[in-house]
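Okay, so here's the structure we're looking at.
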Amino acid sequence: GINAEYGGYSVYNLEPLAPLAQGSFEEFGSVRIVQMLHRTNLIAMVGGGYQSKFSGKMCRIWDAAKKQFVLEFSFDSVIKAVRMTRERLVIVLTNKICVFSFPEDPKHLQTLETRANIRGICEVCPSNSVMVYPGTWAGSLQIFDLTTAGAAVGATSTPPTINAHKTELQCVALNHSGTMAATASGKGTLIRVFDMRSRQLIIEVRRGTDTATVNCITFNRDNTYLCVSSDKGTVHIFAIRNPELNKRITVANVGYLGSQWAMSSFTLKSECSSVCVFPPHSSGAAVKNSVIALCYDGTYHKYVFTKDGNCNREAYNVFLDITQDLEI
């Protein structure tokens, strides 16, 4: 996990929670985007905020081992998001996505035109070359193979598209193998999971009925569960492989009869946004299903849940506090 909320950056191990590295505010200023290349020493940074030391239109690559910036990429508009794989760097702008070879011999490979993408929606698969981003029409999801970047110039074939929602996409996620994509509707009420090969709907679940901003969607490693967090301060866990575990309304009420609701959920703090992750299973006979939530207020929460919907907090910490004790 990476934090850049208060300037500079901090790197954490999440399970168990422990600070690993830190860059001071004095050295880096306020930073708006920080993205780490897996668990390597390469960190992408984009400036922003009240005391930025470099432009929000520039992405700089910091080598934590060499303790210096090693690459720099400049653009004509503000960067909305950065994604990295072991072979590609992806820079998301409001109306286009730029793909570069990376980190060896960095070159611009291709620019993909997009619809207005204010939220910087774009995800790349951590284990292969699949990338998804908003398509031409509202609610559509474009699929792109990053290994073809550069080679597709002039081609007439249209990239595959999933028509996920009728409204603008609010949040997107890929599973670890790139075989599934999850999308949130513009209202943040419906979450849909699609098969990436057939582009067919696998399951539709309902986060709630009130409009919300979905901050994070994540799959667990074996694709049995999906976690969704929002600005309501709530985290919802859905069963994907065994949907019968999800809750349903059995009485006809407000038109939601038949909808699948969260198998389990918990509330962190009212109106507090968070990002969530499923930690890997530890070895041993008693395997616990758990979710780690990192709140924007600097708090760490670990919840354990069961198939019958029970959910209890197992750990709590303030990760900003433990960083203060890290020797740089």
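The values are calculated or read from the model by the stated rules, or taken from the named source; none is laboratory data. Please read all numbers here as calculations on a predicted model, not as lab measurements. With ideal geometry, Cβ positions are generated from the backbone for all residues, glycine too; neighbour counts draw on all protein chains shown. In case anyone asks, the SASA skips ligands and DNA or RNA and just uses the protein heavy atoms, side chains included. Shrake-Rupley method; radii C 1.70, N 1.55, O 1.52, S 1.80 Å.
Answer yes or no as to whether Thr136 is over 25 Å from Asp63 (Cα atoms) and surrounded by fewer than 20 Cβ atoms within 10 Å (Cβ to Cβ). Criteria met by Thr136.
Looking across segment 1-11, the residues that are crowded, with 19+ Cβ neighbours inside 10 Å and in a loop (DSSP other than H, G, I, E, B) come down to Ala4, Gly7, Gly8.
Against the definition (out of contact with any Asp or Glu (no Cβ under 9 Å at 6 or more places or on another chain) and either among the basic types (Lys, Arg) or under 28 Å from Lys288 (Cβ atoms) (or both)), how does Thr218 come out, yes or no?
Taking the combined requirement at face value, the residue satisfies it.
For segment 74-84, residues that are open to solvent by 20 Å² or more (accessible area, probe 1.4 Å) and within 17 Å of the chain's Cα centre (by Cα) total 2.
Screening Leu37 against (1) out of contact with any strand residue (DSSP E or B) (no Cβ under 7 Å at 6 or more places or on another chain); (2) open to solvent by less than 30 Å² (accessible area, probe 1.4 Å) leaves a single unmet condition, (1). Please go through segment 180-189 and give me each residue that is open to solvent by less than 30 Å² (accessible area, probe 1.4 Å) and either in a loop (DSSP other than H, G, I, E, B) or free of Cβ contacts under 8 Å to residues at least 24 places away in the same chain (or both), ordered by number. The answer is Ser185, Gly188, Thr189.
Residue-wise test of (1) within 23 Å of Gln170 (Cβ to Cβ); (2) of a type outside the set (A, V, I, L, M); (3) at pLDDT 95 or above.
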{"site": "Val70", "(1), (2), (3)": "no, no, yes"}
{"site": "Ser77", "(1), (2), (3)": "yes, yes, yes"}
{"site": "Phe102", "(1), (2), (3)": "no, yes, no"}
{"site": "Thr114", "(1), (2), (3)": "yes, yes, no"}
{"site": "Gly120", "(1), (2), (3)": "yes, yes, yes"}
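The residues of segment 42-65 that are modelled with pLDDT of 95 or more and either open to solvent by 70 Å² or more (accessible area, probe 1.4 Å) or touching a His at 6+ places or on another chain (Cβ under 6 Å) (or both) amount to a single one, Lys57. There is no residue in segment 12-23 that is open to solvent by 30 Å² or more (accessible area, probe 1.4 Å), part of a loop (DSSP other than H, G, I, E, B) and either touching a Gly at 6+ places or on another chain (Cβ under 6 Å) or at pLDDT 95 or above (or both).
Quick one: in segment 190-227, which of the residues that are among the charged types (D, E, K, R) and assigned to a loop (DSSP other than H, G, I, E, B) is least open to solvent (accessible area, probe 1.4 Å)?
Arg207
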